[in-house]
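A short worksheet on the structure shown next.
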Amino acid sequence: MYEQPILPVKDPATFGEVKAAIEDAFAPAHAPAFLKRIDGARLRARDFEEVLDEGLLGVTAANAYRNLQDGDRGQIRELYLRAVEHVAPELRAKFLKVYAYY
């Protein structure tokens, strides 16, 4: 059975800053507003780079992400995509357009 290797984080402080922004955006109390902002920007939830560039996770998180090394960036993208997939089904249904693949 395949297990994804655990890579060490090169810059824990910056990584933690971006991680906290993602966790805050997808917290049950904030997720509806965050998805509404993604919808208003006409983006898809899985388009992390575009969501970041639009400033939807905050300017500080976007700048911090750009300062990370490639390995840390990859881990942040995976974290973001996992958060996107763990949104409650009823909220995903409400924002179907944000989750669509077209």
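Would you work out the charge dipole size for the chain about its Cα centre, treating the Cβ of every Lys and Arg as +1 and the Cβ of every Asp and Glu as -1, and quote it to the nearest 20 debye?
Approximately 360 debye in magnitude.
Mind checking which lysines have their C-alpha under 23 Å from Lys36, skipping anything on the same chain fewer than 8 residues away?
Hits, sequence-local ones excluded: Lys19, Lys94, Lys97.
If you bin every alpha carbon distance in the chain into 10 Å steps from zero, what whole percent lands in each bin?
15, 48, 29, 8, 0
Going toward the positive end of the dipole of the chain, with +1 on Lys and Arg Cβ and -1 on Asp and Glu Cβ, which of Pro32, Ala21, Pro8 do you reach last?
So the residue furthest toward the plus end is Pro32.
Readers should treat all values here as calculations from the given coordinates under stated rules, not as data from a laboratory. All of these numbers come straight from a predicted model, not from anything done at the bench. Quick reminder, even Gly has a Cβ in these numbers, built from the backbone with ideal geometry, and neighbours come from all protein chains shown.
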